[in-house]
Amino acid sequence: MIKEQRSTPEADTDIINLELQDIEGIGPTTAKKLKDAGILSVMDLAVASSDELAVDINASRESAATFIMAAQKLLRDSRIIEKEFLTADIALEKRRSMLRCSTGSQTLDELLLGGVETQAVTEFYGEFGSGKSQICHTLCVTARQPIQSGGMDTGVIYIDTEGTFRPERVEQIARARGLDHAHILKSIAVCKVYNSSHLELIIKDLGKYVNDFNAKLVIIDGIISLHRAEFAGRGTLADRQQRLNSMLHKIIRLAEIFNIAVVITNQVQSAPDTFFGDPTKAAGGNILAHSSTYRIYLRKSGENRLAKVMDSPYHPYSDTRFTINEKGADDIEEETSSKRNKKGSKATDD
Ligand code: GTP
Ligand code: MG
């Protein structure tokens with residue numbers, strides 16, 4: 001089925017040739033049960049959560065976990081995913097082989113140590129108009145560019161929960177950057193989601209879509225907007241957080257297993273207990289804080305935007321300024337030219 005839907009020829013054919021029944025311990029009956037539960041491929045099973053799968057296929061949690069581990073083993077044996085234990089030198093090699101995608105602004109890329117990266121979830125959060133969706137639109141354009149030009153030479157999956165994706169804007173950004181807009185537009189798969197259950201379903205099948213569209217970048221603009229709107233009121237908070245938790249864990253597993261970059265955007269909520277500094281914090285509480293590898297806070301700063309690294313395992317806690325113009329996210333002209341001059345004068349001083 002995946003084979004027929006594939007739109008790109010260059011992806012790994014091993015993944016698509018694997019069937020659920022190739023997994024040790026899974027016969028036709030279990031394969032059917034899994035398919036009925038929406039688990040259509042080995043990758044879907046490999047990233048499933050054992051608690052949810054147990055309920056979906058009416059089995060014990062232990063059997064569900066055994067199936068998931070068997071699927072992961074098959075992917076490892078087929079060299080599609082990494083071994084469970086790696087020596088640190090190989091782990092470093094793997095980190096070095098990860099891809100990075102430019103945000104469109106060199107200063108913002110520098111803040112991210114080279115752009116948004118695969119095997120990670122990068123969260124941009126900030127108030128309305130702070131530039132979250134504009135960065136997402138720009139990434140759609142840069143992702144299609146060759147690796148040597150800061151792209152990943154790949155397709156993009158854009159999940160739009162707020163109805164703010166504009167293909168015209170992508171076209172404008174591509175034109176302003178002198179790029180082939182027709183080719184870029186063809187490589188973006190957009191999905192407009194209408195409610196939280198729809199979003200959860202899309203995320204559940206994301207492994208399949210990533211494969212179908214040969215995407216290395218998945219953008220989810222407004223990761224919790226729908227859950228936030230639907231689960232209003234304190235009584236339903238625990239339920240909302242539990243559903244968000246399960247969805248976000250799936251996203252992290254996908255990013256790591258399939259070596260894809262995931263970019264999510266989030267809103268802010270006011271934190272009235274803050275006496276000093278900016279009284280806003282990311283919405284979604286601890287669950288979201290723990291699921292994002294990198295958290296970048298965006299703020300309007302006059303005509304421009306300020307981006308600040310708030311949480312990261314290895315980025316320094318620094319900030320930078322960038323702007324939004326017809327090229328999407330872009331450098332502030334006077335800042336880059338003064339930087340260039342500084343570098344130039346430093347070179348002559350030496
Ligand atoms: P919410 O989704 O409302 O939370 O905000 P957001 O952070 O996603 O804001 P978004 O990225 O949509 O930024 C909107 C801002 O980007 C606008 O206020 C404009 O300043 C700027 N912007 C949007 N489109 C264009 C454009 O075509 N050209 C230029 N120059 N600026 C634009
Ligand atoms: Mg937006």
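One table, with the values for the structure above:
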| quantity | calculated |
| --- | --- |
| Gaussian network model of the chain, Cα within-10 Å springs - most flexible of GLU162, GLU334, GLU19 | GLU334 |
| Magnitude of the charge dipole, the stretch 14-77, Cβ model with Lys/Arg +1 and Asp/Glu -1, debye to 20 | 100 debye |
| Dipole magnitude of the chain, debye to nearest 20 (Cβ charges: Lys/Arg +1, Asp/Glu -1, about Cα centre) | 300 debye |
| Dipole axis of the chain (+1 Lys, Arg; -1 Asp, Glu on Cβ), positive-most option in MET152, ALA255, ILE219 | ILE219 |
| Residues ARG166, ARG240 arranged by fewest to most Cβ contacts within 10 Å | ARG166, ARG240 |
| Packing-based exposure ordering (other Cβ within 10 Å, fewest first) of PHE124, PHE85 | PHE85, PHE124 |
| DSSP bridge pairs, the chain: antiparallel proportion in percent, nearest 5 | 40 percent |
| Residue with peak Gaussian network fluctuation, the chain [Cα springs, cutoff 10 Å], from LYS35, LYS216, LYS73 | LYS35 |
| Efficiency of FRET from Cβ geometry, ASN58 and GLU93, R₀ 41 Å, rounded to 0.05 | 0.45 |
| Where labels lie 7 Å past Cα in the beta-carbon direction, separation of LEU113 and TYR194 in nm | 4.3 nm |
| Per residue, the convex hull volume that the Cα atoms of the stretch 50-176 enclose (Å³) | 178 Å³ |
| Principal-axis tilt of helix 61-77 within the chain, Cα atoms, nearest 10 degrees | 70 degrees |
| With Cα atoms, 0 to 90° folded angle of helix 88-97 axis to the chain main axis | 60 degrees |
| GNM flexibility winner over the chain from ARG299, ARG144, ARG79 (Cα, springs under 10 Å) | ARG79 |
| Segment GLU24-GLU127, extension gain: residue separation times 0.36 nm, minus the distance between their alpha carbons | 32.2 nm |
| Over the chain: helical MRE at 222 nm, DSSP H runs n ≥ 4 each giving -39500 (n - 2.57), nearest 500 | -13000 deg cm²/dmol |
| Dipole axis of the chain (+1 Lys, Arg; -1 Asp, Glu on Cβ), positive-most option in LEU306, GLY207, LEU34 | LEU306 |
| Residue order, fewest to most surrounding Cβ atoms within 10 angstrom, among TYR314, TYR158, TYR209 | TYR314, TYR209, TYR158 |
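Where a number appears in this text, it was derived from the coordinates with a stated rule and is not lab data. Computed from a predicted structure; not experimentally measured. FYI the Cβ positions are ideal-geometry reconstructions off the backbone, even for glycines, and counts take in every protein chain you see.
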